[in-house]
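Shown next, in structure tokens, is the structure this report addresses.
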Amino acid sequence: MKNYTLKKWFIGFFILFSNNIPLAFAQPFPSEKPITLIVGFSPGSSIDLVARTFAKSLTIKFKQPVIVENKPGAGGNIAAEFVARTKPDGHTLLIVANSIAISPALYPNMNFDVKKDFMPISYLGIGPVIIKVNKDLKLNSIKELVAYAKAHPGKLNYGSSGEGGTPHMASVLFEQTANIKMTHIPYKGGGDALAALMGGQIDLLINPLLGDVQSDKIISLAISGNQRSPLAPEVPTFKEAGFDFNIGVYYGVIGPKGINPKVLEQLNQYFNEAISDKDLVEVITNKSGIVLQKMTPSEFGDYLTKDIELWKKVVSKKVS
């Protein structure tokens, strides 16, 4: 009788404990700790603006703080490695741009693998790049610029926000497309490069459009995209200028491998909902020229894969 009672008690305890396992070990999302968006570039950059604007909207949707933390350096790789090693609970995410797809080609010995160590969460949007030159060059079109560069190989110098960043590699792709040779001068950020252009230290700059900078020292020759930007309506597209070059700067969100599928779905849903936020659209689209777009995690993953292959070809051609 005692053995029967003990056995019955044990079965009852096991059933009770089993029923409560999900409650004991489930990770509620979001938990009480803040959600952190990591940015691999300095405050004031285009990707930083995107991150902070989305953070403001997501704070309302998650009903708890969504903060932005900058970890600049190594073309965004310091931030990427940090996020790859964090707990995959959905609370630490990485805001990325083209550089996340460029890095595997430039740095084959990185301490992380973009495809193996991350999960795509959401595509956010894409903005145009604009090419500006110092007025003292007296070059008034892309055709004139290319003709001058061909006549004076290596004489023109261009700035960028840093070695291996999107503006740098967009300039490399421009060189390859135009079959010209220029000299690269990297700076610590896009703002520094723009100041150097206006100061005459560099000849040209291909940079994301963040509100068109007006200056009597520079002239904008062309902008990427299928149509002119409302922020710079006087600037022709590369296609209008007779040149086949249409790269943009895109933005997205990825997280460490292992995020629960339901959490991944919830994150994607919230970012997609934020894209429809009127206040966010005002800042991101109307003031920065970035066209917002929704994607599923799978669609964004395919997008990244194609971009990784593109930059492998660009870097391979540059090295050879």
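The values are calculated or read from the model by the stated rules, or taken from the named source; none is laboratory data. Owing to the predicted nature of the structure, the values given are computational and were not obtained by experimental measurement. Using ideal geometry, Cβ is built from the backbone for each residue, glycine included, and neighbour counts are taken over all protein chains shown.
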Next on the checklist: Any residue at all in the range 33-45 that's among the hydrophobic types (A, V, I, L, M, F, W, C), surrounded by fewer than 19 Cβ atoms within 10 Å (Cβ to Cβ) and either at pLDDT 80 or above or farther than 19 Å from Ile126 by Cα (or both)?
Outcome noted: no
Checklist entry - How do the helices (runs of 4 or more DSSP H) wholly within the range 210-320 filter down when requiring 2 or more residues that are within 16 Å of Ala101 (Cα to Cα): which remain? => result 297-319
Checklist entry - Is it the case that Gly191 is in the same structural domain as Leu156 (by TED's automatic domain parsing) and either modelled with pLDDT under 90 or among the small types (Gly, Ala, Ser) (or both)? => result yes
Checklist entry - Just one of Ile254, Ile206, Ile218, Ile259 is more than 24 Å from the chain's Cα centre (by Cα), surrounded by 17 or more Cβ atoms within 10 Å (Cβ to Cβ) and either outside the structural domain of Leu139 (by TED's automatic domain parsing) or more than 30 Å from Leu58 (Cβ to Cβ) (or both); which is it? => result Ile218
Checklist outcome for this item: The correct count of residues that are modelled with pLDDT under 90 and surrounded by fewer than 18 Cβ atoms within 10 Å (Cβ to Cβ) in the range 65-80 is 1
Next on the checklist: of a type in the set (S, T, N, Q) and in contact with a Ser or Thr (Cβ under 9 Å, 6 or more places away or on another chain): which single residue out of Ser141, Ser161 fits that description?
Outcome noted: Ser161
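Can you pull out the residues in the range 147-172 that are assigned to a helix (DSSP H, G or I) and crowded, with 19+ Cβ neighbours inside 10 Å?
Answer for the range 147-172, where residues must be assigned to a helix (DSSP H, G or I) and crowded, with 19+ Cβ neighbours inside 10 Å: Ala149, Thr166, Pro167, His168, Met169, Ala170, Ser171, Val172.
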Next on the checklist: Residues that are aliphatic (A, V, I, L, M), modelled with pLDDT of 90 or more and under 22 Å from Glu309 (Cα atoms): does the range 162-169 have at least one?
Outcome noted: yes
